[in-house]
Amino acid sequence: MIGRREVVTALSLLGVLPQAAVAMRAAPGKAEPFSWDALQQRAATLATKPYSAPAKVAAAAAIDYDKVGSIRFRADKTLAGGIRLFPLGRYAPMPVAINVVENGQARRIEFSRDLFEAEEGHAAALGIAGFRAMAPGGTSDWMAFQGASYFRTAGAQDQYGLSARGLAINTGLPGREEFPDFTEFWIERTGADAYTIYALMDGASVTGAYRIQSRHIAGAGVEQQVSSVLNVRRDIERLGIAPATSMFWYGEGNRAAAVDWRPEIHDSDGLALLTGAGERIWRPLNNPPHDTLDSFADQAPKGFGLIQRDRNFDHYQDDGAFYDRRPNLWVQPQGDWGKGAVMLYAFPTNSETVDNVVSFWTPAAPAKAGQRLQFDYSLSWKSVDPTAVAATAHVVDCWQGVAGRPGAEPVKGARKLVVDFIGEGLAGLDRQSGVTAKIDVVRGKVLANAAYPVVGQKNRWRVTADVAPDAQGPADVRLFLTRGSRALSETVLTPIF
């Protein structure tokens, strides 16, 4: 029987550990020159070579969620003023290389079991799976990189939620999605609560160099400036830039899915867009009955992201997961991204542990083998809604239910959509002010609709619409408040199943 502290040595002797993991243990850790330009060149050179999938540590499969939590990086080994490492586990079984950069020199962090401590009776660490940046005091962290090209931050309220990814490839294409990996990191401390993270990406279809300048602003959130340089190995049907991954199980709009006692469970409740033409769009998230893919064509988008607008604790009643504190993730392109589309992919879930929503930008021009592509953008992880402006009313609630008048027989084959808007631009308007709802429906028709101020509520208006999807449903509804030729609200786009 092999003891837990001998597992790494035994696996190495048996040839089970990947070469990358062995190299991390044997690397001398000497200083070597490092630069952003050199990383880009390394990624470009890697793209000319055949892809070799990184090996995983087989023994990590036995370290489940609870067990990996029992393995902790030693606080006295903290790197670069606040960086601590993650151990390998069932959900992150691939070792990554970690370097610390200072004054243009990089030093590799050699893996050693002594970097970690494990609770009595639990397995020792098998390698390094990623890292996190600790907040002042070392009791919580504000940024983490772990698994494929995933990373996330705790936003403004010290609460993790949705995740970002370096790249999405063929998302929403059945059985064809790829997950390229960040295989090596270089971490440079640039301030008391700031780091620049450099990462090498490798995948079957692409290699890449990433520079992610990250700054934690106490009480306000996290700002990141991302530069990504991609080298396409082979043609890619659907390239996803600045992807965000989130979870939506149920909310006020799909109460039938609420099998749990908590009133709502979701990391984000809508996709917000600020188009190149300046239109503000809100697409409420849902838990669809089958896989769905929405595409919002645009040119030179000004911003998009997954947002948690509902921040009322009473709507969640969760004092452990704190869904009311989950951060927003707003993407702001730098430079002209040209023509393309923001895409929203979702699939059904019956659990809060499954991320079932992905948003990303896909360029109109196809990604072809041999291309070098660059995309720069900022990521804002905050609690304030970047799309909410005083002059334009925004959506605060969106419900669906049976069609028809309350108390009367439901209208067969139809659903009622109810959307509430709030905004200072609605101040002083009443039923005689000429405010109407502009509603368009694809794959369906509007049977009845109304727009009116909500009694007793300041600057709050409600739109109701009975919509009958046709046989090709779901019906896609587009609506906004208008007064004459002037739009008073953002545009809501939502399906009716």
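Structure above, values below:
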| quantity | calculated |
| --- | --- |
| Those residues of segment 381-413 which are closer than 20 Å to L285 by Cα, in contact with a strand residue (DSSP E or B) (Cβ under 6 Å, 6 or more places away or on another chain) and small (G, A, S), in sequence order | A388, A393, G401 |
| Residue within segment 316-330 that is under 15 Å from P243 (Cβ atoms), in a strand (DSSP E or B) and either at pLDDT 95 or above or among the basic types (K, R) (or both) present | yes |
| Filter result for P333 (part of a strand (DSSP E or B), under 30 Å from G276 (Cα atoms) and not hydroxyl-bearing (S, T, Y)) | yes |
| Criterion (modelled with pLDDT of 95 or more, in the same structural domain as A346 (by TED's automatic domain parsing) and surrounded by 21 or more Cβ atoms within 10 Å (Cβ to Cβ)) met by exactly one of A209, A204, A220, A194 | A209 |
| Selection count where residues are touching a Lys or Arg at 6+ places or on another chain (Cβ under 7 Å) and not charged (D, E, K, R), scope segment 376-395 | 3 |
| Some residue of segment 444-457 being closer than 15 Å to T494 by Cα and either surrounded by fewer than 17 Cβ atoms within 10 Å (Cβ to Cβ) or among the hydrophobic types (A, V, I, L, M, F, W, C) (or both) | yes |
| Residue pairs meeting the criteria (Cβ under 7 Å; at least 6 apart or on separate chains; first closer than 17 Å to F360 by Cα, in segment 315-337; second modelled with pLDDT of 95 or more and in a loop (DSSP other than H, G, I, E, B)) | N328/Q308; N328/K382; N328/S383; L329/L162; P333/P301; D336/A300; W337/A300; W337/P301 |
| Which listed residue is in contact (Cβ under 8 Å) with a residue 40 or more places away in the chain, among the small types (G, A, S) and surrounded by fewer than 17 Cβ atoms within 10 Å (Cβ to Cβ), from A258, A297, A272 | A297 |
| Number of positions in segment 294-334 that are small (G, A, S) and over 19 Å from L379 (Cα atoms) | 4 |
| Verdict on P180 being of a type outside the set (A, V, I, L, M, F, W, C) and modelled with pLDDT under 95 | no |
| One residue from F421, F360 being surrounded by 13 or more Cβ atoms within 10 Å (Cβ to Cβ), among the hydrophobic types (A, V, I, L, M, F, W, C) and closer than 30 Å to Q334 by Cα | F360 |
| Evaluation of M201 against (1) out of contact with any Ser or Thr (no Cβ under 8 Å at 6 or more places or on another chain); (2) among the aliphatic types (A, V, I, L, M); (3) not in a loop (DSSP other than H, G, I, E, B) (one fails), failing number | (1) |
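Listed here are the residues, each with its yes/no results for (1) farther than 23 Å from P180 by Cβ; (2) in contact with a Cys (Cβ under 8 Å, 6 or more places away or on another chain); (3) assigned to a loop (DSSP other than H, G, I, E, B).
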position: R72; (1), (2), (3): yes, no, no
position: D76; (1), (2), (3): yes, no, no
position: R84; (1), (2), (3): yes, no, no
position: P95; (1), (2), (3): no, no, yes
position: V101; (1), (2), (3): no, no, no
position: A106; (1), (2), (3): no, no, no
position: D114; (1), (2), (3): yes, no, no
position: E120; (1), (2), (3): yes, no, yes
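Listed here are the residues, each with its yes/no results for (1) in the same structural domain as L230 (by TED's automatic domain parsing); (2) exposed (fewer than 14 other Cβ atoms within 10 Å of the Cβ); (3) modelled with pLDDT of 95 or more.
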| position | (1), (2), (3) |
| --- | --- |
| I2 | no, yes, no |
| T9 | no, yes, no |
| R25 | yes, no, no |
| Q40 | yes, no, yes |
| P54 | yes, no, no |
| A59 | yes, no, no |
| D66 | yes, yes, no |
| R72 | yes, no, no |
| I83 | yes, no, yes |
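The values are calculated or read from the model by the stated rules, or taken from the named source; none is laboratory data. The structure presented is a predicted model; accordingly, all values stated were derived computationally and were not measured. No Cβ is skipped: glycine too gets one built from the backbone with ideal geometry, and neighbour counts run over all protein chains shown.
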